[in-house]
Amino acid sequence: MLTPNEQLKIIAKGAETIVNQEELLAKLQNSEKENRPLIIKLGLDPSAPDIHLGHAVVLRKIKQMQDLGHRAVIVIGDFTGKIGDPTGKAKGRVALSDEAVRENAATYCEQIFKVLDKEKTTVRFNSEWLSKLNFEDVIRLAATTTVARMLERDDFQNRYKNRVPIGIHEFFYPLMQAYDSVELKADIELGGTDQTFNVLMGRTLQKSVGQQEQIALFMPILVGLDGTEKMSKSLGNYIGVSESAESMYKKVMEVPDDKIITYFELATDEHPDTVAEIANELKNGKNPRDVKFTLAKIITGLYHSNEDVLKAIEYYDAAFSKKAIPDDIPQITLKSEQNSITDIIPMLIEDGFVPSKSEFTRLVKQNGVQLNGEKIDLSKLNDTLNNDDVLKIGKKKFIKFVR
RNA sequence: GGGAGAAUUCCCGAGCGGCCAAAGGGGGCAGACUGUAAAUCUGUUGCAUUAGCUUCGGUGGUCCGAAUCCACCUUCUCCCA
């Protein structure tokens, strides 16, 4: 087992903030002395069913700590989720039934354990204890803080200033999350920087009931493939942990050059010293593309077998580096009355290759459609299609025709 | 409880009753370029493309004609108590 100082180094890798380092070191020393693993808490909202590398940042960090011998407790926020957060666009979110929550949680866990060590993880639902509180308990809970303190939170402050409504119940979110920490006697709570307020509230509450305060460990928000916005499903700039090796590898290659090291820090388990070395090589003029090849291989390897990674690399080389036509493209069997491209347009629309006929025409006009590697114009649309003809629509869509 | 305002195409956001399928920006898509990208430049971005057709919260109405005017409804927001 590593010394507390060595552990600290690994835990601190990529972390945005730790509140605070000395306390953490003390906890690690205690843990070693008493031979007692630390309890690492992570709260998850059951409404986001698809886990991507952005979510995985905290999960990876927990995994790293599990490898150091500590224990993770995942809190599924079923109670919190049932109330429904009015922020954002999803208005009037339907309260999930108990069954739906369990179901979601199951698929959730499946994905979580692509990263975490199952043996060293406990999954809990916070309704277990939150649903038992009565109104008096709730008032007491509320009495531990003030409106002014609530409004310190950036999110609330901005909304208040901009006159965006804040529901009273939203004030309870941090409190409920804090209560989870008390219930679990958490030693460390992980979270993205957006969780700063909530996690710190856990410290406050633990202190007020005489518990040792948890360490707050904040991981930066992983920037998405566009290099500016945070990784999120709705922005489409994400890499899902359940994606195929091919897709994952390709997407990692789309990471902007100046975010390569960030990804090494947040999306891999590489040792801090290794990352520093790579950063140094980049600085000394190593081709970022080659570094990214390494990155893509490592990240893909975290979620897929060696064999699949090798296949993905081959696929990538063929399809993108050499711009060849990939060999596993969808095939469409032509019916006898379908002779030309014009004839199959309705089918292309139906199968989602192109949203409308207008769009298709537009693409042709813009030289975005190729038949067997040659650009076609509107006059070619009525030419006869042959067996094995390959149509390329836009950059990414290929279709092979079979008679 | 009382009063005021808002709702526009994927998003934000313009829009004297005719010249509005609707400015501008963002995003998307395509082309050029490239080290995969990014950045940049160009084009494009309701459907059909000859006319034409369906859009501007909903339902009715005024008018030769409505995103633009009127009525009611729905939803959202703000202010006062």
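Using helices alone, what [θ] at 222 nm do you get for chain A, with -39,500 (n - 2.57) per DSSP H run of 4 or more residues, divided over all residues and rounded to the nearest 500?
Numbers: 18 runs with 184 residues, N = 403.
Calculated from helices alone, the mean residue ellipticity at 222 nm is -13500 deg cm²/dmol.
Kirkwood Rh, chain A, all Cα pairs: how many Å?
24.4
Please give the contour-minus-distance gain from A:N306 to A:K185: 0.36 nm per residue of separation, less the Cα-Cα distance, rounded to one decimal in nm.
Net length gain for the segment: 39.6 nm.
From the gyration tensor of the Cα coordinates in region A:119-159, what semi-axes in whole Å does the equivalent ellipsoid have, largest first, with each one equal to sqrt(5λ)?
Here the semi-axes work out to 27, 19, 8 Å.
Can you give the extra length, in nm with one decimal, that the chain gains between A:W129 and A:N284 once fully stretched, where that is 0.36 nm per residue apart less the Cα-Cα distance?
Taking A:W129 through A:N284 to full extension adds about 50.3 nm, to one decimal.
Taking a label point 7 Å from the Cα of A:M347 along the Cα→Cβ vector, which residues of region A:360-403 have an amide N closer than 13 Å to it?
Residues A:385-391, A:399-403 fall inside that zone.
How large is the accessible surface of A:K118 in square angstrom, using a 1.4 angstrom probe and rounding to the nearest 10?
140
Go through A:K41/A:K259; A:K251/A:K311; A:K335/A:K397; A:K251/A:K396 and tell me which ones have a Cα-Cα distance over 19 Å in this structure.
Working: A:K41/A:K259 28 Å; A:K251/A:K311 15 Å; A:K335/A:K397 21 Å; A:K251/A:K396 13 Å.
Over 19 Å apart, Cα to Cα: A:K41/A:K259; A:K335/A:K397.
At 7 Å along the Cα-to-beta-carbon direction for both A:T228 and A:N5, put a label point, then send me their distance in nm to one decimal.
Reported label-point gap for A:T228 and A:N5 is 4.4 nm.
Could you give the length gained by full extension between A:H271 and A:T294, i.e. 0.36 nm per residue of separation minus their alpha carbon distance, to one decimal place?
Extending this stretch completely gives an extra 6.8 nm.
For region A:195-235, rounded, prolate or oblate, judged on the Cα gyration tensor with a ≥ b ≥ c (square roots of eigenvalues), a/c < 1.5 rounded, else prolate if a/b > b/c?
prolate
Looking at the calculated P(r) for region A:282-403, what percent of the C-alpha pair distances fall above 26 Å?
37
Quick check on packing: order A:181-193, A:125-137 by the mean number of other C-beta atoms within 10 Å, highest mean leading.
A:181-193, A:125-137
The values are calculated or read from the model by the stated rules, or taken from the named source; none is laboratory data. This structure is a prediction, so every number in the text was calculated from the model and none was measured. Glycine gets a Cβ as well: all are built from the backbone with ideal geometry, and neighbour counts include every protein chain shown. The protein model used for the area step is the full one, side chains on, heavy atoms only, and it has no ligands, DNA or RNA in it. Shrake-Rupley method; radii C 1.70, N 1.55, O 1.52, S 1.80 Å.
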